[in-house]
Amino acid sequence: MTEERKYWVPALEKADRVLSVVSLEPGKYKLIDLSRQLAINKSSMFSLLHTLETLNWVKKGADDTYSLGEAIAVLGSSLVKQFDLNDRFQSEAAGARDRLQETIQLARRIEDHILYLGKVEALTPVRLQSEPGMR
């Protein structure tokens, strides 16, 4: 056994595999489909899906297919709150600007307007007139 797998929890690995498949094609797979695709026997898949459903990590539709549940949205939202979007944009955009030699902007569409949130200028004589905070 490798040191990496010394404290491994196989059930969590299976749950991760289920969530990955369901997230890519929500509402496509039933229990039997997931069982076949992931090579997990039906009784184990039933228990796994039942637990995930009880925890609201997945939800079963009227047609018995699965999609991600509300708990995943809550977890994702908590993750996003950990990051300052502008700081993240500045660090990521600087690399893209350097590779592309272009100005990079972060914007959000609000109804029929664009709200500029961030900007990393290229080192060229041409400048964009938009600035963070402008519509």
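The values are calculated or read from the model by the stated rules, or taken from the named source; none is laboratory data. It should be emphasised that the depicted structure is a prediction, and the values quoted were computed from it without experimental measurement. So basically every Cβ, Gly included, is an ideal-geometry build from the backbone, and we count neighbours across all protein chains shown. For accessibility, only protein heavy atoms count, side chains too; no ligands or nucleic acids. Shrake-Rupley method; radii C 1.70, N 1.55, O 1.52, S 1.80 Å.
A few points about this structure:
- Look at (1) among the aliphatic types (A, V, I, L, M); (2) part of a loop (DSSP other than H, G, I, E, B); (3) surrounded by fewer than 10 Cβ atoms within 10 Å (Cβ to Cβ) and you find that Leu79 fails only one, number (2).
- The residue that is surrounded by the most Cβ atoms within 10 Å (Cβ to Cβ), counting only those in segment 61-76 that are closer than 11 Å to Val22 by Cβ and within 20 Å of the chain's Cα centre (by Cα), is Tyr66.
- Looking only at segment 109-132, residues that are open to solvent by 50 Å² or more (accessible area, probe 1.4 Å), within 16 Å of Gln90 (Cβ to Cβ) and in contact with a strand residue (DSSP E or B) (Cβ under 7 Å, 6 or more places away or on another chain) come to 4 in all.
- Filter pass, Asp84 being within 30 Å of Asp16 (Cα to Cα), among the acidic types (Asp, Glu) and open to solvent by 50 Å² or more (accessible area, probe 1.4 Å): yes
- Scanning segment 48-71 for residues that are in contact with an Asp or Glu (Cβ under 7 Å, 6 or more places away or on another chain) and either part of a helix (DSSP H, G or I) or free of Cβ contacts under 8 Å to residues at least 12 places away in the same chain (or both) turns up Lys59, Lys60.
- Within segment 20-47, the set of residues being open to solvent by 30 Å² or more (accessible area, probe 1.4 Å), part of a helix (DSSP H, G or I) and of a type outside the set (Val, Ile, Thr) comprises Ser20, Ser23, Leu24, Leu31, Asp33, Arg36, Gln37, Lys42, Ser43, Ser44, Phe46, Ser47.
- Residues that are hydrophobic (A, V, I, L, M, F, W, C) and assigned to a loop (DSSP other than H, G, I, E, B) were ranked within segment 1-19; the one that is surrounded by the most Cβ atoms within 10 Å (Cβ to Cβ) is Trp8.
- Yes/no for Glu102 being open to solvent by 80 Å² or more (accessible area, probe 1.4 Å), part of a helix (DSSP H, G or I) and under 29 Å from Glu131 (Cβ atoms): no
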